[in-house]
Each structure stands twice: as structure tokens, then as C-alpha cells.
Amino acid sequence: MNAERRIPKVLMVVSLALLLLVPAGSGAQTEPARLSDVTVTPQTDSVTVFVKTSREPHYKADLVDSPTRLVVDLEDTVYAWRKTPLNVGKEPLRQIRGSQYRQGVARVVLDLSRTVGYAIREEPNGLAIVIPTAASAAPVVAAQATT
């Protein structure tokens, strides 16, 4: 009877050991995302830049002055888009360029003619960056007050 109690315990220990040896998750989870395309869609009051990736990206965005640009770093992502800048010419967006900033980080830079607000919407296959095209009312009011 003592041997009958040991067999289930041994089986449980062996089963747990096997579970620890099996890697968790699939290989697709450990592969980096792939930045494959960037498209621009102008609207009447904004410009939408869609950054296409192979899965939902993890990113960090910073608006930088001198010269004004929006820098978007996509973590755990391989850069596979064009090597030359994409000229846009839809105010305030001048051009879009990108590169493999460092291993595991793809960078997309939106060169702007002036400081603007922006909104980033996360999607399953990339990011939608919305930039308003109309100049904000505050600088216009300030310019009128000084004249």
C-alpha cells in the first residue's frame, strides 16, 4: 500500500519537471515585429500617417524642436521600409524617413515645418499618427495682438 502512494507522487513530480522543460509560448512571440510600410493619407483638416508592422508595436514618441520633428521608436522591431526619405509636402508634414536606429529598435521620423499637436492610435498591425494641418488659433491671435 505504501508503494501505491509513492507512484502518483513520482508521476506528479516527473510531470512538473517536464512542464518546466517545455518552453512557454510559441516562437512567433519571440520574433521581432517588422516595419514594412509607411503610408500617408491627407484629409481636409489633418494628415494620417500609418506605420504598418507585422504585429501590434510597442513604441515611444517624442516631439523634438530645432528642427521640428516627431520621432517614433518602435521597440523589438526590424526596419524593412525604404532607405530614402518619402517627400510628403502636405503642411505641416514635409517628409518621412526611417532606419534601424539600433538593434531591436526601428525609428520613423516625421519632419515638420512647425510645432503641432498629434495623436497616435495603436492598431493590431501598426500605428496611425494623426497630425492636424490647420495652424492653431493661439499663434494667430498672438500675431494679431502685436501688429
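Each reported figure results from applying straightforward, stated rules to the coordinates on display, with no laboratory input. The shown structure was predicted, so the numbers you read here are calculated from the model rather than taken from an experiment. Glycine gets a Cβ as well: all are built from the backbone with ideal geometry, and neighbour counts include every protein chain shown.
Structure above, values below:
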read-out	value
Other-chain or far-sequence residues with amide H under 5 Å of Glu75's (modelled H)	His58, Tyr59, Lys60
All aspartates and glutamates inside 12 Å of Lys52 as judged from Cα atoms, apart from same-chain residues fewer than 8 positions distant	Asp37, Glu122, Glu123
Efficiency of FRET from Cβ geometry, Gln95 and Ala128, R₀ 25 Å, rounded to 0.05	0.85
Per-residue HN-Hα couplings for the stretch 59-71 [Karplus 6.51, -1.76, 1.60; θ = phi - 60°; Hz; x = Gly/Pro]	9, 9, 10, 9, 8, 10, 9, 6, x, 6, 7, 9, 9
Gyration tensor verdict on the stretch 37-128 (Cα atoms; rounded if a/c is under 1.5, prolate if a/b is larger than b/c, oblate otherwise)	prolate
